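The values are calculated or read from the model by the stated rules, or taken from the named source; none is laboratory data. Here the structure is a predicted model, which means the values were calculated and not measured. For neighbour counting, all protein chains shown are included, and Cβ atoms are generated from backbone atoms with ideal geometry for every residue, glycine included. Areas reflect the complete protein model, heavy atoms only, side chains present, ligands, DNA and RNA absent. Shrake-Rupley method; radii C 1.70, N 1.55, O 1.52, S 1.80 Å.
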Amino acid sequence: MFKEETSLAVRDREGDTANGGYHLIAGPGGSRAILATSGMLMALEFFGVRTFKSIGGISGGSIPLRLFAAGLSIKQIVDMALELNFESMLDRELSIATVIAAHYRDGRYRGSVPSKGVFKTDRIGVWLESFSASWPAGYWTLAVKDDAQVLLTGSGVYSRVRGEKFRCVSSAAPPIGLSIQASCSVPGIFAPVDIPLESGEIMHLCDGGVSWEGFRPTSVAEEFFCAKPGEIIVCDVGPEPGYYSRLLNSAWRILCGGRCVPPRGRSSEAENEMLVVSPVVTSLASFDFSAHSDKKWQAIMEGFAATTRALNTAYRLTEEQYAVARNTMETFAGFVDALRVAPQGELSEHTRALLSHRGILD
């Protein structure tokens with residue numbers, strides 16, 4: 001059904017880049033990150049940006065990039081993002097009240113994250129493993145243990161605390177599905193994931209998005225893959241927009257002791273040289289895993305639009321490329337306005353036809 005596992009060399013196809021390849025990164029954000037990152041991939045493919053030295057992501061952003069690194073086509077990735085209901089892969093284990101009570105009793109005042117979660121994500125890990133148990137060359141994901149970042153790769157497991165370099169804690173590659181499952185384990189919402197090391201030790205890991213780098217874990221590519229800032233493309237959907245979402249995040253941050261929500265992080269001078277894709281997704285929420293395809297398309301197209309804006313601002317598009325993309329985005333915006341009261345599914349049908357006609361999603 002799917003392509004066999006391939007190395008990243010497959011991604012060096014007809015396209016070309018001025019510097020011989022990029023390091024592709026996608027940050028956290030649940031459904032917003034999954035869909036916007038899929039839109040970013042669609043744009044990069046359309047614009048001929050197909051050469052990548054490394055590919056990695058955390059939390060929601062790790063899922064489409066795992067599929068991409070495995071060799072799936074952009075159409076396959078977009079179709080999966082539209083059709084899959086990740087909520088159906090979750091198994092409820094505890095109530096949120098039970099999780100919070102246990103955290104207050106056992107860990108909040110020690111500055112730790114909740115040791116339990118409302119849902120178990122085992123079936124998501126199994127699904128991710130089903131494409132192939134092997135790691136694509138150059139693919140990585142990131143999780144957190146206490147105050148340390150834990151880098152999970154095909155060459156082993158590495159750990160570091162802030163201000164230090166990664167050190168190898170296991171030369172054996174962990175299961176890739178379990179690794180991405182750990183990276184997606186939002187504290188308190190999803191149960192922490194246990195990763196076995198070759199020493200026999202078990203690491204209890206949670207969402208990589210709650211480390212000090214927050215939505216842009218770019219230093220992983222810089223340190224581990226020797227990436228230069230100008231070679232990095234990063235998708236950052238940022239905190240969930242809207243007053244209600246900010247209020248909810250603030251309340252959750254207080255309830256769980258300040259360790260359960262990705263920090264905004266600090267911008268560095270190096271980020272000015274990076275190609276930062278910043279989609280503003282408002283059609284659905286981070287944990288809206290069962291949204292209708294019409295809302296999902298809006299998130300995907302925002303990822304496409306944000307990538308177009310970033311590439312154009314960096315003078316990496318031709319006038320013709322930008323004109324086609326801009327006209328496509330304007331046409332899609334017209335669809336959204338015109339079909340607000342139309343039956344569900346019409347926006348999806350019109351959008352797919354538009355992208356096919358423009359040669360963006362064949």
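Given (1) at pLDDT 95 or above; (2) open to solvent by 20 Å² or more (accessible area, probe 1.4 Å), identify the lone condition not met by Ala270.
It fails just one condition, (1).
Just to verify a result, which residue in the range 314-330, among those that are assigned to a helix (DSSP H, G or I) and touching a Leu at 6+ places or on another chain (Cβ under 9 Å), is surrounded by the most Cβ atoms within 10 Å (Cβ to Cβ)? Don't jump to the end; show me each part of the working.
Initial filter on the range 314-330 (assigned to a helix (DSSP H, G or I)): 319-330.
Among the residues that remain, those that are also touching a Leu at 6+ places or on another chain (Cβ under 9 Å) are: 321-322, 325, 328.
On the way: Gln321: 16, Tyr322: 16, Ala325: 23, Thr328: 21.
Only one residue tops the list, namely Ala325.
Tell me, please, whether a residue that is in a loop (DSSP other than H, G, I, E, B), basic (Lys, Arg) and within 24 Å of Ala221 (Cβ to Cβ) can be found in the range 49-65.
So the first thing to find is which residues in the range 49-65 are in a loop (DSSP other than H, G, I, E, B), and the list is 49-51, 58.
Checking which are basic (Lys, Arg) leaves us with 50.
Filter again for within 24 Å of Ala221 (Cβ to Cβ), leaving 50.
Yes.
Are any residues in the range 176-219 in contact (Cβ under 8 Å) with a residue 12 or more places away in the chain, of a type in the set (A, V, I, L, M) and assigned to a strand (DSSP E or B), and if so, which ones?
Ile189, Val193, Ile195, Met203, Leu205
Going residue by residue through the range 52-61, is there one that turns out to be of a type in the set (Val, Ile, Thr) and within 20 Å of the chain's Cα centre (by Cα)? Explain how you work it out, then say what you get.
Residues of the range 52-61 that are of a type in the set (Val, Ile, Thr), as a first pass: 55, 58.
After this cut, where a residue has to be within 20 Å of the chain's Cα centre (by Cα) as well, the list is 55, 58.
Checked against the condition, which is being of a type in the set (Val, Ile, Thr) and within 20 Å of the chain's Cα centre (by Cα), the range 52-61 yields at least one hit.
Given the options Ala133, Ala137, Ala173, Ala102, name the one that is in contact with a strand residue (DSSP E or B) (Cβ under 7 Å, 6 or more places away or on another chain), surrounded by fewer than 21 Cβ atoms within 10 Å (Cβ to Cβ) and either at pLDDT below 90 or aliphatic (A, V, I, L, M) (or both). Give the steps one after another, and end with the answer.
Values: Ala133 fails: in contact with a strand residue (DSSP E or B) (Cβ under 7 Å, 6 or more places away or on another chain); Ala137 fails: in contact with a strand residue (DSSP E or B) (Cβ under 7 Å, 6 or more places away or on another chain); Ala102 fails: in contact with a strand residue (DSSP E or B) (Cβ under 7 Å, 6 or more places away or on another chain).
The match here is Ala173.
Quick check on the range 79-91. Is at least one of its residues open to solvent by 10 Å² or more (accessible area, probe 1.4 Å) and more than 30 Å from Glu349 (Cα to Cα)?
Among the residues of the range 79-91, at least one is open to solvent by 10 Å² or more (accessible area, probe 1.4 Å) and more than 30 Å from Glu349 (Cα to Cα), which makes the answer yes.
Can you confirm whether the range 116-129 contains a residue that is modelled with pLDDT under 90 and outside any strand (DSSP E or B)?
As a first pass, look at the range 116-129 and keep what is modelled with pLDDT under 90: 116-117.
Filter once more, keeping what is outside any strand (DSSP E or B): 116.
Within the range 116-129 (the criterion being modelled with pLDDT under 90 and outside any strand (DSSP E or B)), the answer is yes, since at least one residue qualifies.
Within the range 197-213, does at least one residue satisfy the condition of being within 30 Å of Ala285 (Cα to Cα) and of a type in the set (Phe, Trp, Tyr)?
yes
If you scan the range 177-224, which residues turn out to be open to solvent by less than 10 Å² (accessible area, probe 1.4 Å) and either of a type in the set (D, E, K, R) or over 27 Å from His23 (Cβ atoms) (or both)?
Pro187, Gly188, Asp207
Tell me yes or no: at least one residue of the range 16-23 is open to solvent by 10 Å² or more (accessible area, probe 1.4 Å), outside any helix (DSSP H, G or I), modelled with pLDDT of 95 or more and in contact with an Asp or Glu (Cβ under 8 Å, 6 or more places away or on another chain).
Of all residues in the range 16-23, those open to solvent by 10 Å² or more (accessible area, probe 1.4 Å) come to 16-20, 22.
The next check asks that each one be outside any helix (DSSP H, G or I); those that pass are 16-20, 22.
After this cut, where a residue has to be modelled with pLDDT of 95 or more as well, the list is 22.
Pick out the ones that are also in contact with an Asp or Glu (Cβ under 8 Å, 6 or more places away or on another chain) and you get 22.
Within the range 16-23, one or more residues are open to solvent by 10 Å² or more (accessible area, probe 1.4 Å), outside any helix (DSSP H, G or I), modelled with pLDDT of 95 or more and in contact with an Asp or Glu (Cβ under 8 Å, 6 or more places away or on another chain).
Search the range 283-308 for residues being without any contact (Cβ under 8 Å) to a residue 60 or more places away in the chain and surrounded by 18 or more Cβ atoms within 10 Å (Cβ to Cβ), and hand back the single one that is farthest from the chain's Cα centre (by Cα). Outline the logic, then answer.
Looking only at the range 283-308, we keep the residues that are without any contact (Cβ under 8 Å) to a residue 60 or more places away in the chain, and these are 283, 292, 294-295, 298.
After this cut, where a residue has to be surrounded by 18 or more Cβ atoms within 10 Å (Cβ to Cβ) as well, the list is 283, 294-295, 298.
On the way: Ser283: 17, Asp294: 20, Lys295: 18, Gln298: 17 Å.
The selected residue is Asp294.
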